[in-house]
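Engineer: This is the structure I have questions about; it appears just below.
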Ligand code: HEM
């Protein structure tokens, strides 16, 4: 990729690519920009290359090989699946100690995935619907409490923080059976605070980060916060072990893992508890901000596309009846109704297409090669090989009208007309991968989808939501000139590193819908 500096590699280019954006804009926008304007960066190429190499030495000791073509991504994750990159595992160590699904070696991964997956199965999750509804209701009530009097807008608040509290409470409850009450407390509780501190140390192994791990402060902080989490998790696992033969209906992820081990004729040992603790920490980590961010983007997109919002509300009326207050009893008795919310699912999928929070990072074996149909080989040895679904999802070769927000592309075509450009006939199933594909694909997809559907059902028909950056500027006393603070022309953008967050934690206000006032 050009321009390339013989001394600083692509560092000057990376800086130039970010020039017109706020400094906290996420790297995902750099990747998207390179793919959109590929002719500029690959002047000799006749088409956008499927793999883009980025050299950030001396910040990163290895170059990145970024896969932006679905067939190549499939080679990496499904056809000859490669293990996660060492750097990723290194990043996980402060958080989990390295025994979790994201970190363990492929052989142990297979065993533990088979033990942990049953807890995330649609059948098991269906038993958690009433508990998830209870948490979602707390979320809905909290934002309803922010509505103004009558038809007035209420005070501004940060919607993303409410979503984080919701998703954390849900994953904690489903995984462990414990309630963390993040939504009811005004300040983050010990578990979330400890998790957040540990996540802040989950960094790539650059030289400064390696040195940080040698400091007494690092060790003190890790030990202290790991202890806070483990003092809550270990007794809970012990009590689930003691109760495992008597627990009948609703089974937590822990219960299901215990059952799997017992069914294989083994007795859960102290090693079992260590691995479960490590994995629960990963579930709490991987399960909260991914889902919260996606849901935040759904609210944002619905505001940008009122016609989509109207259709979604109409679907909720049709499937759950016209009175929003009846949604709880109806869904508590008929969980399957959630599966009928096809348009709502299509909206979430379309949001995930355009606002993809993650991909995968692999370390390829010596004999592994990415090969194009004509036989051209793209080397990946000694590189950090990443899939970039955020770019694959907007490829004009695989998506008609890729920049437009069109949930219909995810709905089965009623006329069965294969010529309809929006019809999504799984033409290339590798081109849609927000949860990644292959044996290490996201274990929490079903839970995330269930949670997001419920949050939308319990809020959208009663409230109007206005995500409003101009008002927020006034609240926080910030002067932002015209054209400033924008990424892709929008004030709401993905900020930070890793999964990141929505800028300013998505400032919003709500009001009762006029139909609600009439009730
Ligand atoms: C919208 C929400 C979510 C998105 C977009 C998402 C996306 C992803 C992606 C891209 C991966 C990487 C797969 C790979 O490296 O091959 C992953 C893995 C994972 N996710 Fe999620 N995730 C979401 C929600 C959740 C939830 C709710 C949980 C709850 C437990 C979760 C737990 C995990 C775990 C444990 C893995 C590692 C799986 C394995 O190695 O077997 N995720 N996720």
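The values are calculated or read from the model by the stated rules, or taken from the named source; none is laboratory data. This structure is a prediction, so every number in the text was calculated from the model and none was measured. Don't worry about glycine lacking a Cβ; one is built from the backbone with ideal geometry, like all the others, and counts go over all protein chains shown.
Engineer: Of all residues in region 93-108 being assigned to a helix (DSSP H, G or I) and within 21 Å of the chain's Cα centre (by Cα), which is surrounded by the fewest Cβ atoms within 10 Å (Cβ to Cβ)?
Structural biologist: Per the stated criteria, the residue is 93.
Engineer: Just to be sure before I move on: is residue 258 away from the ligand (no atom under 16 Å from the Cβ), at pLDDT 95 or above and surrounded by 13 or more Cβ atoms within 10 Å (Cβ to Cβ) in the structure I sent?
Structural biologist: Spelling it out, it is not the case that residue 258 is away from the ligand (no atom under 16 Å from the Cβ), at pLDDT 95 or above and surrounded by 13 or more Cβ atoms within 10 Å (Cβ to Cβ).
Engineer: Ok, one more. Listed residues 271, 231; which is closer than 27 Å to residue 85 by Cα and without any contact (Cβ under 8 Å) to a residue 12 or more places away in the chain?
Structural biologist: 271
Engineer: Would you check if there is a residue in region 343-354 being farther than 30 Å from residue 53 by Cα, away from the ligand (no atom under 16 Å from the Cβ) and in contact with a helix residue (DSSP H, G or I) (Cβ under 8 Å, 6 or more places away or on another chain)?
Structural biologist: For region 343-354, residues farther than 30 Å from residue 53 by Cα, away from the ligand (no atom under 16 Å from the Cβ) and in contact with a helix residue (DSSP H, G or I) (Cβ under 8 Å, 6 or more places away or on another chain): present.
Engineer: Does residue 118 satisfy the condition of being farther than 30 Å from residue 49 by Cβ and in contact (Cβ under 8 Å) with a residue 24 or more places away in the chain?
Structural biologist: So residue 118 passes the test.
Engineer: Determine, yes or no, whether residue 81 is modelled with pLDDT of 95 or more, closer than 23 Å to residue 500 by Cα and part of a loop (DSSP other than H, G, I, E, B).
Structural biologist: No.
Engineer: Right, another one. Just to verify a result, which residue in region 348-372, among those that are more than 21 Å from residue 441 (Cα to Cα) and touching a residue at least 60 places away in the same chain (Cβ under 8 Å), is surrounded by the fewest Cβ atoms within 10 Å (Cβ to Cβ)?
Structural biologist: Checking each candidate, the answer is 371.
Engineer: Please work out if residue 162 is over 18 Å from residue 286 (Cβ atoms), free of Cβ contacts under 8 Å to residues at least 60 places away in the same chain and assigned to a loop (DSSP other than H, G, I, E, B).
Structural biologist: No: the conditions fail for residue 162.
Engineer: Out of the residues in region 44-85 that are over 21 Å from residue 431 (Cβ atoms) and under 21 Å from the mean Cα position of the chain (by Cα), which is nearest to the ligand (Cβ to nearest atom)?
Structural biologist: Checking each candidate, the answer is 84.
Per-residue answers, yes or no, for (1) within 13 Å of the ligand (Cβ to nearest atom); (2) in contact with a helix residue (DSSP H, G or I) (Cβ under 7 Å, 6 or more places away or on another chain):
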{"site": "94", "(1), (2)": "no, yes"}
{"site": "102", "(1), (2)": "yes, yes"}
{"site": "105", "(1), (2)": "yes, no"}
{"site": "129", "(1), (2)": "no, yes"}
{"site": "151", "(1), (2)": "no, yes"}
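Engineer: Test each condition in (1) at pLDDT below 95; (2) within 28 Å of the chain's Cα centre (by Cα) for residue 238 and report the one that comes out false.
Structural biologist: In the conditions (1) at pLDDT below 95; (2) within 28 Å of the chain's Cα centre (by Cα), residue 238 misses (2) alone.
Engineer: If we keep just the residues of region 432-452 that are outside any loop (DSSP other than H, G, I, E, B) and surrounded by fewer than 22 Cβ atoms within 10 Å (Cβ to Cβ), which is farthest from the ligand (Cβ to nearest atom)?
Structural biologist: Among those that are outside any loop (DSSP other than H, G, I, E, B) and surrounded by fewer than 22 Cβ atoms within 10 Å (Cβ to Cβ), it is 446.
Engineer: Taking into account only those residues within region 455-469 that are part of a helix (DSSP H, G or I) and away from the ligand (no atom under 13 Å from the Cβ), which is farthest from residue 494 (Cα to Cα)?
Structural biologist: For region 455-469, the residue satisfying everything is 457.
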